[in-house]
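Participant: Have a look at this one before I ask anything.
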Amino acid sequence: MDDKIAISVIVATLNEEKNLARCLASLERFDEVIVLDSVSTDKTPEIAKSFGATYVPFAWNGQYPKKRQWALDNLALKHDRVFFIDADE
């Protein structure tokens, strides 16, 4: 029996190497974790991948949709229920 929580989690990041590991560790029981990153220049991508999260780079073009709506419109999420969190929460 799989004890993972059937929710897709999207973690919004931008240069969050100081917070990301703690955040991802707290999400280990969720079935799907995606790090949606706004072109970080630190070790955010490497940390995300080291936790087994799906890493997705995102560069906002200043128009609609912004990051969260883009994720809902464009990512092939495993679950209908989605939890958004910033890496520093």
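The values are calculated or read from the model by the stated rules, or taken from the named source; none is laboratory data. On a predicted model such as this, the values are computed, not experimentally measured, just so you know. Cβ atoms come from the backbone with ideal geometry, glycine included; neighbour counts cover every protein chain shown. For accessibility, only protein heavy atoms count, side chains too; no ligands or nucleic acids. Shrake-Rupley method; radii C 1.70, N 1.55, O 1.52, S 1.80 Å.
Participant: Out of the total accessible area of the chain (probe 1.4 Å, heavy atoms of protein only), what percent is carbon and sulfur?
Facilitator: The nonpolar share, carbon plus sulfur, comes to 51 percent.
Participant: Okay, moving on. Per residue, how large is the accessible surface of the chain? Use a 1.4 angstrom probe and give square angstrom. Intermediate results must be reported in sequence, preceding the final value.
Facilitator: Numbers: 5630 Å² over 89 residues.
So the chain comes to 63 Å² accessible per residue, rounded to a whole number.
Participant: Over 23 Å between Cα atoms: which of LYS49/LYS78; LYS18/LYS78; LYS4/LYS67; LYS43/LYS78; LYS43/LYS67 fall into that group?
Facilitator: Result: LYS18/LYS78; LYS4/LYS67; LYS43/LYS78 exceed 23 Å.
Participant: Sticking with this one: Excluding LEU14 itself, what net charge comes from residues whose Cβ is under 14 Å from its Cβ, given Lys and Arg +1 and Asp and Glu -1?
Facilitator: -2
Participant: Leaving ligands, DNA and RNA out of it, rank LEU27, LEU14 by accessible area with a 1.4 Å probe, largest first.
Facilitator: Descending accessible area places them as LEU14, LEU27.
Participant: Just want the answer: with Cβ charges of +1 for Lys and Arg and -1 for Asp and Glu, which residue in GLY52, ALA76, VAL11 is farthest toward the dipole's positive end in the chain?
Facilitator: Farthest towards the positive pole: ALA76.
Participant: On to the next question. Modelled label-to-label distance, LYS18 and ASP73, 7 Å Cα→beta-carbon offset: nm?
Facilitator: 3.3
Participant: Quick check on the chain: take the gyration tensor over C-alpha atoms, sort the square-rooted eigenvalues as a ≥ b ≥ c, and tell me if it's rounded (a/c under 1.5), prolate or oblate. All intermediate terms of the calculation are to be shown ahead of the outcome.
Facilitator: Working: a/c = 2.11, a/b = 1.16, b/c = 1.82.
Oblate.
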